[in-house]
Amino acid sequence: MPDTNTGAEAKIAALRERIDAIDCQLVKLLNERAQRSLEIRALKPEAKWGLYDPKREEEIFANVTKCNEGPLYADNLREIYETILHVAKEMRG
């Protein structure tokens, strides 16, 4: 009797390979974002701005929610971005 799972297994393998490629793209973009954040942090004292800007964080959350086409929910994105922003605050420049 032929193995009926080989088609599904091949599709899973191909999808996982694509996910791995997407993960690499995400890492590249997260590092680029982190670099821009460090550049902004370095400029804030010159502009006489505080390091923490809760209004800007809300703008970020609103922007990613506006960009969202699913299947992630707005709350999921907020949780992800809260973590990204937390890490950005902890980064050394």
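A few notes on this one:
- Scanning segment 75-91 for any residue that is without any contact (Cβ under 8 Å) to a residue 12 or more places away in the chain and not in a helix (DSSP H, G or I) turns up nothing.
- Some residue of segment 71-86 being surrounded by 12 or more Cβ atoms within 10 Å (Cβ to Cβ), among the charged types (D, E, K, R) and in contact with a Phe, Trp or Tyr (Cβ under 8 Å, 6 or more places away or on another chain): yes
- Screening Arg41 with (1) surrounded by fewer than 11 Cβ atoms within 10 Å (Cβ to Cβ); (2) touching a Gly at 6+ places or on another chain (Cβ under 7 Å) gives one miss only, at (1).
- The single condition from (1) exposed (fewer than 10 other Cβ atoms within 10 Å of the Cβ); (2) on the phi < 0 side of the Ramachandran plot that Lys48 fails is (2).
- Flag if Gly70 is small (Gly, Ala, Ser) and either under 18 Å from Arg41 (Cα atoms) or in contact with a strand residue (DSSP E or B) (Cβ under 8 Å, 6 or more places away or on another chain) (or both): no
- Contact map, segment 47-67: residues that are within 15 Å of Ile80 (Cα to Cα) paired with residues that are in a helix (DSSP H, G or I) and of a type in the set (Gly, Ala, Ser), Cβ distance under 7 Å, separation 6+ or inter-chain. Pairs shown: Thr65/Ala74.
- Test: residue in segment 23-32 that is among the polar types (S, T, N, Q), assigned to a helix (DSSP H, G or I), within 19 Å of the chain's Cα centre (by Cα) and modelled with pLDDT of 95 or more: yes
- Test: residue in segment 33-55 that is among the small types (Gly, Ala, Ser), assigned to a helix (DSSP H, G or I) and under 12 Å from the mean Cα position of the chain (by Cα): yes
- Yes/no for Arg56 being touching a Leu at 6+ places or on another chain (Cβ under 8 Å) and not acidic (Asp, Glu): no
The values are calculated or read from the model by the stated rules, or taken from the named source; none is laboratory data. Only a predicted model underlies this, so the values are computations on that prediction, with no experimental measurement involved. Because the Cβ atoms are built from the backbone with ideal geometry, glycine has one as well, and the counts that use them run over all protein chains shown.
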